[in-house]
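What follows is a single structure, written as structure tokens, with notes after it.
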């Protein structure tokens, strides 16, 4: 199955918006037992099939959120028959309901632009107090000018939840993630060019991204120094769903120790 994982990801992406597409439908297409298929898919990718399907649908909903008039229109366009399920899944992965997301966009965009133009170089986010840490250098293409870089540790390779420890920064070197609780995490990085386009801070499908391929274990990881090279997205990449702009704004409110 590992040899055809890109074909499987492509098939899911092409059929994701069929109403109530189920795991067994995908497994049957590739002639696998659904339980074996689900287990192997998670082993290979690091995330479950249901999580991947829900994440793709939520990413498409972000695309549509300013184009369609109602939550019902968006819901059916991304493959949900239940408005409650759609709203709950979208809020789980982005932190806001679809309507809240739309209502918050202008305010959050203006706050991010204020941060871009300020003298603050970083804003930290963490959930726990711990002595574990790691330093991250980021290599970016020459065409990234005055961009904002998001660095975080996540439970899965899909950034669809708040980072366990995270940092929003304007600098490439010596970025320290602090207070990392005991556990195994994926180190993910993305960057957004400074822009006047509001949607660029919410629809992240075209942003630069990179990661450390292996899962990191804290406090057992003794390396603590990582370099992540950013690249343009490729079709196999999972979507970036967390509302990074909102996370930045909420962290600015709580964290007065910015530099």
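The values are calculated or read from the model by the stated rules, or taken from the named source; none is laboratory data. Since the structure is predicted, the reported quantities are computational estimates derived from the model, not experimental observations. Quick reminder, even Gly has a Cβ in these numbers, built from the backbone with ideal geometry, and neighbours come from all protein chains shown.
When you look at residue 217, is it more than 17 Å from the chain's Cα centre (by Cα) and in contact (Cβ under 8 Å) with a residue 60 or more places away in the chain, yes or no? Break it down into steps so the answer makes sense when it comes.
Values: more than 17 Å from the chain's Cα centre (by Cα): yes; in contact (Cβ under 8 Å) with a residue 60 or more places away in the chain: no.
No: the conditions fail for residue 217.
For the range 203-221, does any single residue satisfy the condition of being closer than 20 Å to residue 60 by Cα, exposed (fewer than 15 other Cβ atoms within 10 Å of the Cβ) and out of contact with any strand residue (DSSP E or B) (no Cβ under 8 Å at 6 or more places or on another chain)? Before you say what the answer is, go through the steps one by one.
Of all residues in the range 203-221, those closer than 20 Å to residue 60 by Cα come to 203-209.
From what's left, exposed (fewer than 15 other Cβ atoms within 10 Å of the Cβ): 205-206.
Still in the list and also out of contact with any strand residue (DSSP E or B) (no Cβ under 8 Å at 6 or more places or on another chain): 205-206.
Within the range 203-221, one or more residues are closer than 20 Å to residue 60 by Cα, exposed (fewer than 15 other Cβ atoms within 10 Å of the Cβ) and out of contact with any strand residue (DSSP E or B) (no Cβ under 8 Å at 6 or more places or on another chain).
With the structure loaded, tell me whether residue 60 is in a helix (DSSP H, G or I) and free of Cβ contacts under 8 Å to residues at least 40 places away in the same chain or whether it fails that test.
Details: in a helix (DSSP H, G or I): yes; free of Cβ contacts under 8 Å to residues at least 40 places away in the same chain: no.
No, not satisfied.
Does the range 151-178 hold any residues that are surrounded by 17 or more Cβ atoms within 10 Å (Cβ to Cβ) and assigned to a strand (DSSP E or B), and which are they?
Passing the criteria: 151, 152, 153, 154, 165, 166, 167, 168, 169, 175, 177.
Conditions: (1) over 30 Å from residue 52 (Cβ atoms); (2) in a strand (DSSP E or B); (3) touching a helix residue (DSSP H, G or I) at 6+ places or on another chain (Cβ under 9 Å). Residue 146 meets all but one. Number of the miss?
Tallying (1) over 30 Å from residue 52 (Cβ atoms); (2) in a strand (DSSP E or B); (3) touching a helix residue (DSSP H, G or I) at 6+ places or on another chain (Cβ under 9 Å), residue 146 fails exactly one: (2).
If the requirement is being under 20 Å from the mean Cα position of the chain (by Cα) and farther than 23 Å from residue 192 by Cβ, which of these qualifies: 71, 89? Full working, then the answer.
Details: 71 fails: under 20 Å from the mean Cα position of the chain (by Cα).
Unique residue meeting the criteria: 89.
Out of everything in the range 179-198 that is modelled with pLDDT under 90 and loosely packed, with under 15 Cβ neighbours inside 10 Å, what residue ends up being farthest from the chain's Cα centre (by Cα)?
Only one residue tops the list, namely 196.
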